[in-house]
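A short write-up of the structure that comes next.
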Amino acid sequence: RMYLQVIKGVDVQVSRTAFMLAVGDATASLRKTLKGYDSIPAPPTQAIGNVLLRGWNQWEELEAEMRISLDSTDYSFDTLTKTMTLSKSVDTDLNAAFEQYVTSAAAAQPNLPSVIWGVSQRQTSLLQRMFVEVLFLRMDIAVETNRAGFQQSFAAFELSHWELLKGRRNSTQALGSFLPDLDFPGTSNACALDAMLDVMGKFSMMKSSLQEVMASNSTSEQAAIHRADKESAIVLNAMKPVLSFYETGSLSCTLTHSTAMWEAAIDGLSRLPYLFFKMESEFALVESGLSEVWLKKAAADLINQKGFIRTEASDFQLVQAFLAFKRGWDSYRPTDAERLLS
């Protein structure tokens with residue numbers, strides 16, 4: 001992403017420095033994962049080792065391609081297309097290795113929250129992926145592929161967010177779900193729930209910024225990318241306590257919601273079942289055509305009722321009877337309060 005931001009001229013020096021640091025961190029982390037280092041064990045299976053080795057070879061090629069491109073300012077269509085292809089290949093292999101790691105851990109120690117940890121950790125890569133897809137789209141590289149990829153990445157992020165909140169039972173086949181055959185419980189920690197709400201709010205703002213990038217013209221493009229970059233940093237920062245919670249299982253905070261806020265939330269939630277059934281009933285009536293029949297009948301009855309009211313209101317004896325009743329009622333006691341006490 002930093003490589004593409006340099007090409008787009010967005011905070012060039014900052015982006016170039018961030019690119020160099022990210023490349024160094026990625027290379028070191030991938031090497032440690034491939035060979036094993038300190039507390040990081042070597043790949044537990046040959047299959048994982050093979051995928052990581054393939055990912056390492058493609059990463060070396062991608063790194064070299066990006067460095068040469070920046071040094072020579074070669075931002076041609078062919079160069080960017082090759083960069084995108086290598087990037088997607090690395091992403092595919094590393095995600096495959098990640099899934100195999102989590103599957104192996106879940107099988108070896110079922111009591112550990114390996115799947116929950118995997119789902120939560122993948123959220124950060126989905127954020128970066130959708131940003132990269134938008135930037136490639138703006139560069140006219142595989143436009144429809146990247147447009148569809150952005151929508152899928154966004155949907156996968158939202159799906160995983162709600163799965164972390166509600167849990168997953170009886171597995172799922174939803175598109176974009178991480179290890180869909182493995183179940184896990186939902187989140188009940190109040191601090192984590194509050195933090196997840198904060199993440200989704202900030203993520204929605206980032207999504208709007210990325211959509212703004214997609215719709216921007218050449219004049220407003222750099223400013224839009226700059227805003228989206230800032231929004232992504234805010235989302236990643238908001239995710240830190242959430243990722244820590246799903247790794248350690250604990251999170252402390254000071255909830256500042258007032259009594260009025262809790263009462264408003266409970267009041268709103270208590271109305272949801274009623275609103276849901278009301279929506280179902282109204283949908284059924286509209287689809288069956290009964291609503292239109294009843295509306296016509298009600299309109300006809302209203303016209304008839306108005307006629308009755310006019311007829312009765314013009315009856316002199318009826319008007320006199322109402323006025324006599326009013327005088328009698330007023331003379332019984334001077335106020336409604338006194339009449340109630342009688």
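The values are calculated or read from the model by the stated rules, or taken from the named source; none is laboratory data. Remember, predicted model here, so these are calculated numbers, not experimental data. All Cβ positions, glycine included, derive from the backbone under ideal geometry; neighbour counts span all protein chains shown. For accessibility, only protein heavy atoms count, side chains too; no ligands or nucleic acids. Shrake-Rupley method; radii C 1.70, N 1.55, O 1.52, S 1.80 Å.
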Helix axis angle, 221-248 relative to the chain longest principal axis, alpha carbon, degrees: 90 degrees
Given (1) 62, 27, 21; (2) 31, 25, 22; (3) 39, 25, 20, the label whose value is semi-axes √(5λ) of the Cα gyration tensor in Å derived from this model: (1)
Distance between modelled label sites at residue 37 and residue 258, nm, 7 Å Cα→Cβ extension: 5.1 nm
Within the chain: Cβ-based charge dipole about Cα centre, in debye rounded to nearest 20 (Lys, Arg +1; Asp, Glu -1): 520 debye
Average accessible area per residue (Å²) across the chain - probe 1.4 Å, nucleic acids and ligands excluded: 60 Å²
Extension gain, residue 162 back to residue 46 (0.36 nm per residue minus Cα-Cα distance, nm): 38.4 nm
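A 27 angstrom limit on the alpha carbon distance is what I want to check against. Which of 166/230; 207/278; 278/306; 88/166; 8/230 exceed it?
As for pairs spanning more than 27 Å Cα to Cα, those are 166/230; 207/278; 278/306; 88/166.
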Selected from 149, 268, 118 as most flexible by GNM, with the chain as the system and alpha-carbon contacts under 10 Å: 268
Carbon and sulfur %, accessible surface of the chain computed with the full protein complex present, 1.4 Å: 60 percent
Over the chain: helical MRE at 222 nm, DSSP H runs n ≥ 4 each giving -39500 (n - 2.57), nearest 500: -27000 deg cm²/dmol
Helix 316-332 vs. the chain, principal-axis angle (Cα, 0 to 90°, nearest 10): 80 degrees
Cα centroid of the range 207-254 to Cα centroid of the range 271-288, whole Å: 37 Å
Principal-axis tilt of helix 190-215 within the chain, Cα atoms, nearest 10 degrees: 80 degrees
Debye intensity ratio I(q)/I(0), log10, the range 190-342, q values 0.15, 0.18 Å⁻¹ (C-alpha model): -1.05, -1.09
Dipole axis of the chain (+1 Lys, Arg; -1 Asp, Glu on Cβ), positive-most option in 224, 241, 69: 241
Residue 27-residue 190 FRET efficiency (beta carbon distance; Förster radius 30 Å; 0.05 resolution): 0.15
